[in-house]
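Quick notes on the structure that follows.
Just so it is clear, none of the values below were taken in a lab; they were calculated from the coordinates. Only a predicted model underlies this, so the values are computations on that prediction, with no experimental measurement involved. Because the Cβ atoms are built from the backbone with ideal geometry, glycine has one as well, and the counts that use them run over all protein chains shown.
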Amino acid sequence: MALETARHNAVLIRGARIVDPAAGRSESADVAIVDGLIARAAPTSAYVIEADGMILCPGLVDMHVHLREPGHETKETIATGTAAAAAGGFTFVACMPNTTPVLDNPDTLKLVHDRSREADRCGVGPVAAITVNREGRELTDFAALLEAGAVAFSDDGSGVEDDEVMRAAFQRAKTHDALLIQHCEYKSISAGGVMHLGDVSRRIGLPGLDPRSEEAMIERDIALCRETGGRYHVAHISTAKAIHMVREAKAEGLPVTAEVCTHHLVLTDEACGDADPNTKMHPPLRPMGDVDACRAGLLDATIDCIVTDHAPHRAEEKAAGFLAAPPGIVGLETAVGLAARAMIETGLADWPAVIRWFTAGPNRVLGRTPPPIEPGSPADLTIIDTSRRWTVTPGTMSSKGRNTPFIGWELIGRPSCTVRRHQIALCR
Ligand code: DOR
């Protein structure tokens, strides 16, 4: 989506329905913003945003994105990735540490903070690595990284396989009240697999990736969580069995949370049938039973939030074919429309629920308390045009990545604007 940004000292948002799931609020009202703060009234000179029939909600949050900087700027930069985030309606993203160098030291975190402040498109919270260079051996300095602004810890792209290293990570997380986000995959089990191991992989003859690689790690980690009490979040959960384990862990009262990606809510492994590399991601697309379990997991609050795992790659890399292409797809600019497709158009949920999975859900997991929508609070808002029909086209995307299987999809519902204090981003 193309993005247009501007700064305004006074803004009036007219006619929207305010939906704030954390405050249990849903009502129609005009919202004035003066000097970046929500105000009781706006001067007549205010910049007016006509939002009749639209929803105004707290700024959307995506707690799992890859911004690729430093080191992989040909795929994405912090400036282009945060522009894509704003175009997708997000005012805050948490970015993963699989950069070069890895986000495993305070200097690299500072670079992320500095670049995102310069870009000024969207708030950014870096997720620091659990282990040095994401090698799974030596723990990073959690205290120094928290001091440098880490919002959580993860070796995303890889799971921490060694039991003793992961136990020590849990203990350290407990000491510092830090959140561990695990990319659940034993490469010893998944090695060689490029798509879900099942009927479709056998039919088309691509090497299958055993879902046990995800499930076995979650099982081990829940045991470590029980033992240590450290806070644990399952990244991109994707199988019915994995969701069942998280459900049981929550029922037991363990500090376990989980997220699901938009693509795991709308596509099955049948989408890999044409061996389009834009359907290759980790974890892979699963059969319909797992997709149904992901949707049910959101509905019964086993899964706390929806994320994109926005993973831009260059066209030449994806052109290498299904076996050789890197896993991952871009997602920031299609997230809201795809979530609506999965949860609203199916009759399973309504807009306030979808907004909760993009706001109160991830904010609770990350321990964020965004400002309420009331006079005196800093403006941190998203406006969603819930009836807007639009077609996903590569030409208008703000991300450098075009690696998405959703080109040509007609979606209903699209963010029209984000407001962060004075900063207005209009999504065209
Ligand atoms: O598909 C994926 N791509 N999954 C991951 O966990 C990593 C990501 C990437 O960095 O490209």
Check: When the chain is treated as a GNM, springs tying every alpha-carbon pair under 10 Å, which of THR279, THR393, THR77 comes out with the largest mean-square fluctuation?
Finding: THR393
Next item on the list: May I have the count of lysine pairs in the chain with C-alpha atoms under 19 Å apart, counting pairs 8 or more residues apart or located on different chains?
Entry: 10
Notebook entry, point to check: If one computes P(r) from the Cα atoms of the range 78-130, what percent of pairs lie at distances over 17 Å?
Noted result: 30
Note to self: If I histogram all Cα-Cα distances within the range 103-251 using bins 5 Å wide from 0, what percent of pairs lands in each bin?
What the structure shows: 2, 10, 17, 19, 17, 13, 10, 8, 3, 1, 0
Next item on the list: Please give the FRET efficiency for SER377 paired with LYS110, using the beta carbon to beta carbon distance and R0 = 35 Å, rounded to the nearest 0.05.
Entry: 0.80
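Please find the FRET efficiency linking ARG202 to ASP292, where r is the Cβ-Cβ separation and R0 is fixed at 30 Å, and quote it to the nearest 0.05.
Working: r = 22 Å, r/R0 = 0.72.
Efficiency for this residue pair is about 0.90.
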Check: Roughly speaking, what % of Cα-Cα pairs in the range 1-99 are separated by over 18 Å, rounded to a whole number?
Finding: 59
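Is there a quick way to get the dipole size of the chain? I mean about its Cα centre, with the Cβ of Lys and Arg at +1 and of Asp and Glu at -1; what is the value in debye to the nearest 20?
Details: 43 positive and 56 negative charges, 152 e Å.
Dipole size: approximately 740 debye.
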Check: How many percent of the alpha carbon pairs in the range 1-56 exceed a separation of 19 Å?
Finding: 35
Note to self: Explain nothing, just the number: relative contact order of the chain, from Cα pairs under 8 Å at least 6 residues apart, as a whole percent.
What the structure shows: 21
Check: Hey, what did the range 108-239 get for relative contact order, percent, Cα under 8 Å, at least 6 apart?
Finding: 21
Item checked: Magnitude of the charge dipole, the range 336-428, Cβ model with Lys/Arg +1 and Asp/Glu -1, debye to 20 -> 340
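Please report the equivalent ellipsoid semi-axes of the chain, computed as sqrt(5 x eigenvalue) of the Cα gyration tensor, largest first, in whole Å. Don't skip to the answer; put the middle values down first.
Numbers: eigenvalues 216, 118, 88 Å².
In descending order the semi-axes read 33, 24, 21 Å.
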Notebook entry, point to check: How big is D, in µm² s⁻¹, for the range 186-239 by Stokes-Einstein at 20 °C and 1.002 mPa s if Rh is the Kirkwood radius over C-alpha pairs?
Noted result: 172
Check: Using 7 Å Cα-to-Cβ label points, what is the ALA275/ALA144 separation (nm, one decimal)?
Finding: 4.7
Check: Mind checking which of VAL34, VAL336, VAL48 has the largest fluctuation in a GNM of the chain, springs on alpha carbons under 10 Å?
Finding: VAL48
Notebook entry, point to check: For the chain, modelled as a Gaussian network with Cα springs under 10 Å, which listed residue fluctuates most, ILE384, ILE204, ILE78?
Noted result: ILE204
Next item on the list: Name the residues whose placed amide hydrogens come within less than 5 Å of the amide hydrogen of ILE49, ignoring near sequence neighbours (fewer than 5 apart) on the same chain.
Entry: LEU12, ILE13, ARG14
